[in-house]
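To start, the structure under review is shown below, and the notes come after it.
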Amino acid sequence: MGLRAAKKGKGFVLPEVLVVVLVTSLILAVIASSIRAIMLHSISLTYHAEMTAQGKKTLTYFTDDVQMATDIIVLTSNDLLLETSLNPAKSDLVEYNYNSSNQTLIRVINARTVLSEEISLMDGLKSFSFTYFTMVGDVTTKAIETKKIKLKAELTRGSVGGTDLEREIATQVVMRNRKMSN
């Protein structure tokens, strides 16, 4: 009887070991799941912050340029060339160009000159368009009739947790310096 009692107190029985392994596995699974969720959330926040920053930068430039524009040289659904009065001494050409093959929107200051400066405004564009409106709000395709310009863009970023992250931005801006005749 003494030998049996001594053996029983020295080790663990199989059910005890299995319970410890099961509890440890559950704790590790919860920890791993939490770490993965935190990482995905961090990536998602980074993508959203990036899309917000690009959208804000684009809307700021676009609003300023359109409000200062005195004339439209080229207008299509993907391209816009404005004559602006950014510099009171002379007019500048500002071009917005959407490149669907690499999904980017660029802004070119002093467009079509040797001194042009190109700025990439947005990348990862799922869709993009300009729409042009008359003074009374009708859609137009004629530069001479245009008084308001709408920019609409849908940005997308990589998949996080199986879902693509998307953000849509849009604005409609009145050309304040554009003189219209009746």
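The values are calculated or read from the model by the stated rules, or taken from the named source; none is laboratory data. Computed from a predicted structure; not experimentally measured. Backbone-built Cβ (ideal geometry, glycine too); neighbour counts: all protein chains shown.
Remarks
- Count of residues meeting criterion [under 20 Å from Met175 (Cα atoms) and surrounded by 14 or more Cβ atoms within 10 Å (Cβ to Cβ)] in the stretch 127-142: 8
- Single residue of Lys142, Lys147, Lys126 found to be modelled with pLDDT under 95, basic (Lys, Arg) and within 15 Å of Asn99 (Cα to Cα): Lys126
- Residue under evaluation Ile73, criteria (1) touching a residue at least 60 places away in the same chain (Cβ under 8 Å); (2) among the aliphatic types (A, V, I, L, M); (3) closer than 22 Å to Arg167 by Cβ, criterion not met: (3)
- Pairs, first more than 19 Å from Lys126 (Cα to Cα) in the stretch 138-166, second surrounded by 18 or more Cβ atoms within 10 Å (Cβ to Cβ) and charged (D, E, K, R), C-beta under 8 Å, six or more apart: Ala143/Asp71; Thr146/Arg178; Lys147/Arg178
- In the stretch 104-115, the residues that are within 22 Å of Ser129 (Cα to Cα) reach residues that are in a strand (DSSP E or B) and among the aromatic types (Phe, Trp, Tyr) with C-beta atoms within less than 6 angstrom, at least six apart or across chains, in these pairs: Leu105/Tyr98; Arg107/Tyr96.
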